[in-house]
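Quick notes on the structure that follows.
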Amino acid sequence: MVKHYIPSTLKEALEALDKHDCYIMAGGTDLMVVKHQRSGLIPNFDKDVCYISNLEELQYIFEDEKGVHIGAGTKFSDIEENELVPEILKQIIHELASPNIRNMATMAGNIANASPAGDSIVGLYLLDAELELVSVNGSRMVPIKDFIFGVRKIHREKNELIKEIFIPHHDDLNTYWRKVGSRAAESISKITFAGGYEVENGKVKDLRMAFGSVSITCVRDRKTEEKYIGMSVEELHNHVEDIIKDMGKFVQPITDQRSTKEYRYKVAMNILKDFILTIE
Ligand SMILES: Cc1cc2nc3c(=O)[nH]c(=O)nc-3n(C[C@H](O)[C@H](O)[C@H](O)COP(=O)(O)OP(=O)(O)OC[C@H]3O[C@@H](n4cnc5c(N)ncnc54)[C@H](O)[C@@H]3O)c2cc1C
């Protein structure tokens, strides 16, 4: 029979995860959908469940000289309202699901679910976020780009949980966000794009481009971005077709119930063009 654990401290949670093979449940807004059965039947869990949504130790947001630290149990609605959180993440969260879901769901759950359509993941790739994973054996930091390696595939040991999302400061980064879905709320993305840039004395000092829903994981390529860093803004605009060609190699969408691959590719490239030409 499936058991459930409701630890009152992080230590108890880590011990439960170490002793038992458990699903971690935070807001449950992904997990309960996956395990849902038809009406009248209880959810179809095939192993134990460890609930972490009541752990106060995982609910915090603070900053230090390096960046912003977000506890894994912090709800999207609290992250959206916090003044320390980078503006682009607030924009992303504002369009994610709906207020009732955002009151339950966590960013750590969005990350660990590792859907190519996970909206916050795209912003976190753009901002070079790192994750702190903890277990009874200690803790380790992993860049988000190394944590997710496929559709619902993550580098997490069975006894680990995400304790924290760390976002380095990017005070001078100008950002750009587009989500294309079927409607304004509760819409799983067809395409998402997060862009970032810094311009100093008319020259591009930083350039960042991240797509969601167009490949098995979020798409971002630092080598491509670096090719265009150092150009004047005018040169960058003149190279827009080259940028589209370079980034287009990584954009490999699929056709599914939400959209066709042709539509996704075309719209992704149109958004990229708009982003580049917006830079001034
Ligand atoms: C109606 C609806 C609309 C939605 N719309 C959107 C949308 O627009 N955009 C979007 O991106 N998503 C959307 N979602 C998906 C979902 O709400 C998000 O992915 C959410 O962030 C999941 O967080 P959670 O806390 O509910 O995770 P849970 O469901 O509790 O967990 C999800 C996964 O993460 C794991 N997990 C959770 N916390 C941790 C942790 N601390 N450490 C390790 N593993 C952990 C769980 O074991 C599970 O595998 C929607 C869902 C619904 C039901």
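The values are calculated or read from the model by the stated rules, or taken from the named source; none is laboratory data. Computed from a predicted structure; not experimentally measured. Neighbour counts run over all protein chains shown; Cβ positions are idealised from the backbone, glycine included.
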Hand me the list of helices (runs of 4 or more DSSP H) wholly inside the stretch 1-119 holding 2 or more residues that are farther than 16 Å from E132 by Cα.
10-19, 31-35, 76-81, 87-94, 99-102
I need the full set of residues from the stretch 1-29 which are surrounded by 17 or more Cβ atoms within 10 Å (Cβ to Cβ) and either touching a Gly at 6+ places or on another chain (Cβ under 6 Å) or basic (K, R) (or both), in order please.
A26, G27
S120 being buried (at least 20 other Cβ atoms within 10 Å of the Cβ) and among the small types (G, A, S)
yes
If you go through V151, V122, the only one that is in contact (Cβ under 8 Å) with a residue 24 or more places away in the chain, of a type in the set (V, I, T) and within 11 Å of the ligand (Cβ to nearest atom) is V122
Verdict on S135 being in the same structural domain as T9 (by TED's automatic domain parsing), at pLDDT 95 or above, within 11 Å of the ligand (Cβ to nearest atom) and not hydrophobic (A, V, I, L, M, F, W, C)
yes
Which residues, counting only those in the stretch 96-106, are crowded, with 17+ Cβ neighbours inside 10 Å and over 12 Å from G28 (Cα atoms)?
L96, A97
How many of the residues in the stretch 247-264 are buried (at least 17 other Cβ atoms within 10 Å of the Cβ) and assigned to a helix (DSSP H, G or I)?
2
How about the stretch 57-87: which of its residues are among the basic types (K, R) and within 17 Å of the chain's Cα centre (by Cα)?
K75
